[in-house]
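The values are calculated or read from the model by the stated rules, or taken from the named source; none is laboratory data. None of these values were measured; they are calculated from a predicted model. Here the Cβ positions follow ideal geometry from the backbone for every residue, glycine too, while neighbour counts run over all protein chains shown.
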Amino acid sequence: MALDRRKTDTMPAALSRADTLRILEERNNEAREELAARGDAAPEVLFFLASEGSIAARRAIARNAAAPAHANRLLAEDNDKEVRVELARKIGRLIPNLPPDTSEKMQALTIETLERLAHDQLPRVRRILAEEIKALDCVPKRVIDMLARDVDEVAAPILEYSPLLSDADLIDIISSAQARFTLTAIAARKPLSANVSDAIATALDVPAVAALLANSTAEIREQTLEKIIDHGSRITEWHLPLVLRNDLSQRAIRRIAGFVSAALLDKLSVRESLDPETRSMLAKRVRVRIDEPDDESTDPGAQAQNDVALLHKEGRLDDFAVERAAEAGKREFVIAALALLTRTPVETVRRIIQSGTAKPAIALVWRAKLSMRVAFKVQTLVMRLKGGELLPARDGVDFPLTEDEMLWHLNYFGIAA
């Protein structure tokens, strides 16, 4: 009760200059932290605390939308990484909402802070910044150009969403791409022009072309689609997104029908746009396939990948779906789901699951943005780990590893941090 009275006494509802001076002079860290979070604190006070305050006070200022531009610029150089992380979360939201009467100097300082964070040595800071500014058209193009060529976790949201990247920029990035995530992220852009689609298809990268086909806003020229179909019979990951394309010509439909599974052949058969010749051909093909062995009986992963892709397209590939699959012992479904959600090759995911080690599997589930509950089900029901091999949740619900630890385990299996 004494502590509560002191907090009430030191932090009034409305701040006066005398109140502020008293708090600063008393050097009460708790009161200073509360002051640092106040929206009505004077700019010079917030700058002082950004310079002289405790780590907790500096983090509070980094979160405080009322902090002056020169305090934000100072914190962009802070030694505490969490201060810079909080600032990165805030700065992207500040830029499009700067008041019209903001001075040129303050605007310049805010942009300078943004650029400093974009150069931060910690990928986590740059990743958070990229997420915040990915859809903005009011940030410097030079910042977008730099982040678009950063590591996977930083560049992916910029490549997928930034309106400042022109088709020429995207094609240049594709032509010089050193990592497959680049192609996959660009393939998911909405909308996507035919020229960029051509550049992605030319690479014949399996995940990227699958993402391109699944992108209903992507313009794909007929000759480009024909090229994809030429290779499609050997690549099962392309079958479902090919079948679901709305812009297939009658010729393309007939060609696809020659190699897809019976289940996907059924999906082709119910399309309303079929001409009589194509409809007749599909009906004959369906009758023939009734007497054929299921193509996927020799490849249990193929059907799982198709099922997972369909759920993902419908927006239902979530904690519930993966947890239920684990409980049902659907190992290939879980592997396919984790591969799709993390944009990782299926074989890499399979190696992690077969490793018999909990930590990389937990990191993979975290990367897929699923819960620790799912991670535990994967350990027990899919990997069949026992006793001391299991890694339970921290505090009952949280992931037991730090973010840096999980990134390390992913990197060990070649999954870019």
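Out of Ser162, Ser197, which single residue is crowded, with 22+ Cβ neighbours inside 10 Å, at pLDDT 90 or above and touching a strand residue (DSSP E or B) at 6+ places or on another chain (Cβ under 7 Å)?
On the way: Ser162 fails: touching a strand residue (DSSP E or B) at 6+ places or on another chain (Cβ under 7 Å).
From the options Ser162, Ser197, the qualifying one is Ser197.
Hey, among the residues in region 251-299 that are at pLDDT below 75 and basic (Lys, Arg), which one's farthest from the chain's Cα centre (by Cα)? Give the steps one after another, and end with the answer.
As a first pass, look at region 251-299 and keep what is at pLDDT below 75: 286-299.
Within this subset, residues satisfying the condition of being basic (Lys, Arg) are 287, 289.
Details: Arg287: 43, Arg289: 39 Å.
Filtering first and then ranking leaves Arg287.
May I ask you to say which residue of Thr224, Thr236 is hydroxyl-bearing (Ser, Thr, Tyr), modelled with pLDDT under 85, surrounded by 15 or more Cβ atoms within 10 Å (Cβ to Cβ) and within 21 Å of Thr184 (Cα to Cα)? Spell out how you get there, then give the answer.
Values: Thr224 fails: modelled with pLDDT under 85.
Answer to the check: Thr236.
Among residues belonging to region 240-291 that are of a type in the set (S, T, N, Q) and in a helix (DSSP H, G or I), point out the one that is nearest to Ser216 (Cα to Cα). Spell out the reasoning first.
Looking only at region 240-291, we keep the residues that are of a type in the set (S, T, N, Q), and these are 246, 249-250, 261, 269, 273, 278, 280.
With in a helix (DSSP H, G or I) added as a condition, the list becomes 250, 269, 278, 280.
Values: Gln250: 18, Ser269: 20, Thr278: 23, Ser280: 27 Å.
Filtering first and then ranking leaves Gln250.
What's the number of the condition Glu132 fails, among (1) within 21 Å of Asp152 (Cα to Cα); (2) surrounded by fewer than 17 Cβ atoms within 10 Å (Cβ to Cβ); (3) not aromatic (Phe, Trp, Tyr)?
Failed condition: (2).
Could you pull out the residue among Arg5, Arg22 that is among the basic types (Lys, Arg), at negative phi and modelled with pLDDT under 70? Quick ask: steps written out before the conclusion?
Values: Arg22 fails: modelled with pLDDT under 70.
Step by step, each of Arg5, Arg22 is checked, and only Arg5 is among the basic types (Lys, Arg), at negative phi and modelled with pLDDT under 70.
What's the total number of residues in region 70-97 that are among the aliphatic types (A, V, I, L, M) and under 24 Å from Ala148 (Cβ atoms)?
Taking region 70-97 as the starting set, the residues that turn out to be among the aliphatic types (A, V, I, L, M) are 71, 74-76, 83, 85, 87-88, 91, 94-95.
Then keep just the ones that are under 24 Å from Ala148 (Cβ atoms); that gives 76, 85, 87-88, 91, 94-95.
Selection size over region 70-97: 7.
Please go through (1) loosely packed, with under 15 Cβ neighbours inside 10 Å; (2) more than 17 Å from Arg93 (Cα to Cα) for Asp137 and return the number of the only condition it doesn't satisfy.
Asp137 satisfies every listed condition except (2).
Could you tell me whether any residue of region 55-62 is at pLDDT 90 or above and farther than 25 Å from Pro123 by Cβ?
Restricting attention to region 55-62, the residues satisfying the condition of being at pLDDT 90 or above are 55-62.
If we keep only those that are farther than 25 Å from Pro123 by Cβ as well, we get 57.
The answer is yes; a qualifying residue exists.
Scan Ala321, Ala309, Ala302, Ala325 and give me the residue that is at pLDDT below 80 and aliphatic (A, V, I, L, M).
On the way: Ala321 fails: at pLDDT below 80; Ala309 fails: at pLDDT below 80; Ala325 fails: at pLDDT below 80.
Going through Ala321, Ala309, Ala302, Ala325 in turn, the sole match is Ala302.
If a residue must be in contact (Cβ under 8 Å) with a residue 40 or more places away in the chain and either over 15 Å from Val365 (Cα atoms) or aliphatic (A, V, I, L, M) (or both), how many such residues does region 382-414 contain?
The total comes to 7.
Given the condition surrounded by fewer than 16 Cβ atoms within 10 Å (Cβ to Cβ), out of contact with any Gly (no Cβ under 6 Å at 6 or more places or on another chain) and part of a helix (DSSP H, G or I), answer yes or no: does some residue in region 186-193 qualify?
No: zero hits.
Just one of Ala155, Ala177, Ala118 is surrounded by 17 or more Cβ atoms within 10 Å (Cβ to Cβ) and assigned by TED's automatic domain parsing to the domain that holds Arg84; which is it? Quick ask: steps written out before the conclusion?
Working: Ala155 fails: assigned by TED's automatic domain parsing to the domain that holds Arg84; Ala177 fails: assigned by TED's automatic domain parsing to the domain that holds Arg84.
The match here is Ala118.
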